[in-house]
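Before any comments, here is the structure.
Bear in mind that the values in this text are calculations on the coordinates, not laboratory data. Since the structure is predicted, the reported quantities are computational estimates derived from the model, not experimental observations. No Cβ is skipped: glycine too gets one built from the backbone with ideal geometry, and neighbour counts run over all protein chains shown.
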Amino acid sequence: MEKTKYGIKKDLRQQWEQACNGYLNELLRMWDLHAHYGYWVAEEVGGLYDYAGEWTISMNDIIYCVEHDVEYHDYQEWSDYCVDAHEFNLPIPNIKSWMMGCPRTSEENFDNLRKAKADLEAAVEEEQERLRNEETNNPF
């Protein structure tokens, strides 16, 4: 008996979900984590997986991490780096590039950027305060 178009699509969806959950379960096993604390965002298996509201991971990254035995520590280090790089509009590497040793900004340079950013914000706040005081003391 020939499958209907709907039946084929349903089978493909089930196979996809089984494969995605298989990769996910292997990743959780590798990283010694419990599935109880995570979920597929919007119940879309194969999309974005959220673990305990602490971090998210895409299906492509799950596959890469499983197939290349990426350790949890390395994934977290990459994830933290991406947050820092985003803060300063620096290039954000994918996990594959990160694991291959792509160029990256040192923690010392991030610290210097944070200090410079804080100094700039303080100078802007100081100037805003000066202008507010001048406006109060010198109405037009």
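Quick notes
- Centre-to-centre, using Cα atoms only, the range 1-20 and the range 90-140 are separated by 51 Å.
- Only one residue of 120, 47, 72 has its Cα farthest out toward the positive end of the dipole of the chain, where Lys and Arg carry +1 and Asp and Glu -1 on Cβ, and that residue is 47.
- For the range 12-140, a crude dipole built from +1 on the beta carbon of Lys and Arg and -1 on the beta carbon of Asp and Glu, taken about the Cα centre, is about 400 debye to the nearest 20.
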